[in-house]
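This report concerns only the one structure given below.
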Amino acid sequence: MVHSCAKCQQRATVYDVGGSKCDFCFQQAIIHNFKTTISRKGLAQFGDSVGVAASGGYSSQALVDLLGRSLFEREDGKTSRMKLKVTLFHIDFESPLHSSNSNIEVIQSLAAKYSFRLCTARDNHSCQQLWRETFERIAWKDFKDTSDFEELSRILVYRMIAFLAQSQGCKIVFDGLSAHSVCRNILTSISSGNGFAIPFEVSPADISGRFFDVAIHHPQYDITDRQLMRYVWIRKIDFVAPNLTLSRLTASVDSLTMSFLKDLEEQHRSTIPNILRTSSKVAVPLQFSYCSFCRVPVGSNGKLVSPLTWKIHDKKDNEEKVVTRLCKACQHRQRRMSMETFQLFLSSLMAFDKALEYKEDYG
Amino acid sequence: MKRLCSHCEKAFANILVGREDKYLCRCCFYEYFEDTVHQTIVEECLLQPGERVAIGASGGKDSTVLAYVLKILNERYCYNWDLWLLSVDEGIHGYRDDSLRTVEQNRDDYKLPLYIVSYSELYDWTMDQVVSQIGRKSNCTFCGVFRRQALDRGAEKIQANVLTTGHNADDIAETVLLNLLRGDHARFSRSVMEENGSYRTTDESVFNKIRRVKPLKQVYEKEILMYAYFKKLKYFATECIYAPFAYRGHAREYLKSLERMRPHSISDILYSLSCISLNKEESKTRVAQQCIRCGSISSQTICKACQFKTSLDRGQGVLAVKRSGMSLSKQTTQCCSESAERVSQYEADSNDAASSS
């Protein structure tokens, strides 16, 4: 049986929310969704300098392509009204989760297509210094499962992206989080005791101010993984597949949650919109602080999390007393890791945050 | 390799309390378990001395352990609670009749009085008859609504001050996830408000003096199971024959996988609930009123149990749980409010007639 596109009656190739669509109408729908999110949620204004966190995965490749098409194309052949200066940021340090060489090639080709600038972490001294002090010095035997490893990578990567954006004069960064990723983050926040962070996770705009002047927005927050994958396949965009050896089904909380969401969605199609809609009913708290480790907003119905005092050694090996606040997830993380590794990470991250806040160089 | 108990460091450990990463021997585990329940009761003022306490008893491990622990705490701290077992007979052949025998055995073992309420008495319908009409989907919706009201009615009959149920930390965490996954923001809001202690309906003290409390809310299901196993308590371990098709199974499966990786996840979910605050529209408490048919507390003119009963009597049970059932309930509400007006008008007329004569 041949299905027709609900809009143009051509032969349909995609079965999506809203009915069957042909390739062209599907792409137009995704672009329209993307542009509407940016304009309605106020993610960027005319003439802004915008950074894009490009990992080379299908989600961020789709984001770069959507941004490029939104800026340069219109159906009626007229020039697009969106005017943004776009820079791509890529963290190209080697880690067990991904190899940077193949990532950079796919990003470079897409950047060249739309004449976007590409800026990598290896070219930035501060990011190199942070990487050297943290990832290259930790003892891998400290990690009992890949969850902590993935979470620590994410904590470092977001900070480095914010630093790179600031160094290039970008106050806004777009990242490729899809609807599935947002729902995964909501569920993992709840299950790790960070229910306070739900309104910040679900909002496409970064309302937390966690990276000081730099805001990291999610313009693809209501586009599902299936739609993004389909888009990337139709447009024949190269991307780097995730490292499957490290992402076994139960290797981490993130992969467990993602596989659960995808399985549930097969039986109950409205799972993702349900989670987004319910989470958006949670109020944004008026008073909160930030976790010193992961920069997630912390607080408990108006009460701030009790501060902890740490002794941290600075570069001259002087001991310094520092007051920190840790979210529930980081408190558990601290118990799972060795004290030495945790203190190493904490001291480096706090110093990096200071450099980010005061726009100084790190190291 | 045998480990020593983390608490007494004398006996060998028999159980790992995952959320606190402690290895405990049997005696220390009993103490830990009973102290956790006692602390919950004391800190949240769940039960007052001298009250008549109805224990919702299904014969399962949760209610059996609850009855046992409350009896022990009552004797140990001299609270003078008047403990009653309250059981509901849903009329599920091959399941409920067996579990009721277990409840009767609990009554004999713990020497507590027992009162049984049945669906057939209250609603003229058993769950087997309900399932034969509506099928295997959404039957938990009917059973849940009927059981809640049945427990309230039973507690009223025995003149209890408070009704305790065996809901544990796993149940509450599952409910939170379930409501989030289904997009049921009304129930999600209510569970947040209940956890924050701010869910109170207006005029509750006027209509209903029976409080509902969950003394086992801080305890994990695994700990309850181990307590019942070590204490050799007799309980009924079979799942309801209609349960496998419930949506809750998805949330449970996810929670169990999460607990295997991170044992403290369940208590973290409860902690997350206490951190959430709701928008003003969501946190408005609902006004309690009495159902015009049966007199039970409800947020609507006619309670859900009466609506379901009406739809079952009409042979339209399936519609009651679907969207189109909303119009059915509105019709029912309209019919009944009109008939209530006619009744009150008739009474007023007859009073006038009586006073004039």
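The values are calculated or read from the model by the stated rules, or taken from the named source; none is laboratory data. Quantities reported herein were computed from a predicted structural model and do not represent experimental measurements. A quick note on method: Cβ atoms are made from the backbone with ideal geometry, for glycine too, and the neighbour counts reach across all protein chains shown.
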Is one or more of the residues making up the stretch B:205-212 at pLDDT 85 or above, outside any loop (DSSP other than H, G, I, E, B) and not acidic (D, E)? yes
Can you confirm whether A:I107 is of a type in the set (V, I, T), surrounded by 14 or more Cβ atoms within 10 Å (Cβ to Cβ), in the same structural domain as A:C8 (by TED's automatic domain parsing) and at pLDDT 90 or above? no
Of all residues in the stretch A:204-215, how many are within 13 Å of the chain's Cα centre (by Cα) and without any contact (Cβ under 8 Å) to a residue 60 or more places away in the chain? 2
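Condition check ((1) at pLDDT below 80; (2) in the same structural domain as A:V64 (by TED's automatic domain parsing); (3) surrounded by fewer than 23 Cβ atoms within 10 Å (Cβ to Cβ); (4) not acidic (D, E)) across all residues:
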| position | (1), (2), (3), (4) |
| --- | --- |
| A:F135 | yes, yes, yes, yes |
| A:W140 | yes, yes, yes, yes |
| A:F143 | yes, yes, yes, yes |
| A:E151 | no, yes, yes, no |
| A:Y158 | no, yes, yes, yes |
| A:A162 | no, yes, no, yes |
| A:Q168 | no, yes, yes, yes |
| A:V173 | no, yes, no, yes |
Suppose the filter is within 20 Å of the chain's Cα centre (by Cα) and at pLDDT below 80; does B:K222 pass it? no
Test of understanding: among B:Q159, B:Q129, B:Q149, which residue is within 25 Å of B:G59 (Cα to Cα), away from chain A (no Cβ under 14 Å), assigned to a loop (DSSP other than H, G, I, E, B) and touching a residue at least 12 places away in the same chain (Cβ under 8 Å)? B:Q159
Which residue, of B:R96, B:R76, B:R26, is in contact with a helix residue (DSSP H, G or I) (Cβ under 9 Å, 6 or more places away or on another chain), of a type in the set (D, E, K, R) and surrounded by 18 or more Cβ atoms within 10 Å (Cβ to Cβ)? B:R96
Unmet requirement for B:E9, which otherwise passes all of (1) under 24 Å from B:P263 (Cα atoms); (2) part of a helix (DSSP H, G or I); (3) of a type outside the set (G, A, S): (2)
Can A:L286 be described as facing another protein chain (nearest Cβ under 10 Å) and either among the β-branched types (V, I, T) or buried (at least 16 other Cβ atoms within 10 Å of the Cβ) (or both)? no
Within the stretch B:137-145, identify whether any single residue is on the phi > 0 side of the Ramachandran plot and free of Cβ contacts under 8 Å to residues at least 12 places away in the same chain, and answer yes or no. no
For the stretch A:114-129, how many residues are in contact with a helix residue (DSSP H, G or I) (Cβ under 8 Å, 6 or more places away or on another chain) and outside any helix (DSSP H, G or I)? 7
Return yes or no: is B:L85 more than 20 Å from the chain's Cα centre (by Cα), in a strand (DSSP E or B) and not hydroxyl-bearing (S, T, Y)? no
Any idea which of B:S267, B:S257 is within 14 Å of another protein chain (Cβ to nearest Cβ), within 23 Å of B:E43 (Cβ to Cβ) and in contact with a Phe, Trp or Tyr (Cβ under 9 Å, 6 or more places away or on another chain)? B:S267
Between a first residue in the stretch A:271-290 that is of a type in the set (A, V, I, L, M) and a second residue that is outside any helix (DSSP H, G or I), which pairs have beta carbons less than 7 Å apart while being 6 or more apart in sequence or on different chains? A:I272/A:T224; A:L276/A:D222; A:V282/B:I276; A:V282/B:L278; A:A283/B:S277; A:A283/B:L278; A:A283/B:N279; A:V284/A:I207
